[in-house]
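So the structure is just underneath, and the comments pick up after that.
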Amino acid sequence: MSSTTPPRPLTITAVFPQLAPLARTATRLHPRAGSPSPHDSSIGGPLLWPATDPWPHCDGPHTPDGIPPTSLKDARLRQITAGRPWPETPVPMLPVAQLHTRDIPTLHPPTEADLLQVLWCPFDHPPEPKPKTALFWRSTTTITDILTTPPEPAAVHPDYVPEPCLLSPEEVTEYPDPMELSSELQQRLADWATWQAAGATVDSYYEPAPQEFYRNELSVAPGWKTAGWTRWGLTDPVHQTCPACATEMAPLLTIATAEWDDTTRSWIPYEDQASADPEDAHPTRIEIAGGYNLQLYTCPASPDHPHTALIQ
């Protein structure tokens, strides 16, 4: 099933030409519940993992944050955790995403790699309430025998087990979150007269705060995606620098709690607009820090440098 984002309500560069050089291409992943195979790009699906490679484990510490195994929210989780205590280290990591470059054009892998695998430890790790992530770049031509029964953790945080999903990748154009723009441009975005003078048709709902029209409908796409810009709001913009070489890092993957909310409904794909089921906005069934996103960044100077993770 394809997913098609409707055109933006207006061409923002016609109103603010200075945004044109700041355009970035992102790939919306559009996860939908399904039964992916190890050969598919997927969220929460089985990985094309070499049988000879050790499965990654997390050394912890692991804490349940007051969530007992009995509160787990579906049969799959209850099966994993039934009758088992909260784990001691080490804990097998869970598959989060598998992305083939043939499907995701905005992935920029190291030389000869054509597959990105993302796993995480299904527990919160300080200082923020977020799971610890691990990235693996691979060349599929080197994978022969596949690990068919990876180890499972003895217990999990109920929000960190993705529902297996197939993807329908789609490229979109993004512009910076308003918090990343110059003070002068932020002031112009917040001036209703600027939009009116440009002849832009903007819903009068936004007249008290037209910058929110830009934020919600013209700048950063919601949901799971690769590349693009970061949606800020939990904090002011915090540019990520590589801990190994201090190079400014680039957004790699946004792991999203929701595909859209009441403020970003104009981004709902055409194919989903007829459904009245709010669960369509939460196909992966994960939740990051009560409803936020987990943004992963990588160093453009070297794939061997550690990545960083930020909640927004």
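We did not get these values from a lab; they are worked out from the coordinates using the rules stated. Quick caveat, the model's predicted, so the values are computed rather than measured. FYI the Cβ positions are ideal-geometry reconstructions off the backbone, even for glycines, and counts take in every protein chain you see.
Using a cut-off of 15 Å between beta-carbons, work out the net charge of the residues near residue 186 (Lys and Arg +1, Asp and Glu -1, residue 186 not included). Its environment carries a net charge of -4.
Remark: the residue 142-residue 22 segment gains 39.4 nm on full extension, using 0.36 nm per residue and subtracting the alpha carbon distance.
I need the phi-derived Karplus couplings for segment 192-208: 6.51 cos²θ - 1.76 cosθ + 1.60, θ = phi - 60°, integer Hz, Gly and Pro marked x. For segment 192-208, the Karplus curve yields 4, 5, 5, 5, 5, 5, 7, x, 6, 8, 10, 3, 4, 3, 8, 4, x Hz.
Shown here for segment 261-312: chymotrypsin sites (Phe, Trp or Tyr not before Pro) in loop regions (DSSP other than H, G, I, E, B) with at most 11 other Cβ atoms within 10 Å, of which there are none. Exposure proxy shown here: for 184, 152, the number of other Cβ atoms within 10 Å sets the order, fewest to most, as 184, 152. Which of rounded, prolate or oblate describes the chain when judged by the alpha-carbon gyration tensor and an a/c cut-off of 1.5? Prolate. About its Cα centre, the dipole of the chain is roughly 320 debye, where the only charges are +1 on Lys and Arg Cβ and -1 on Asp and Glu Cβ. For the pair residue 250 and residue 186 in one chain, pulling the backbone fully straight at 0.36 nm per residue adds 20.7 nm over the alpha carbon distance.
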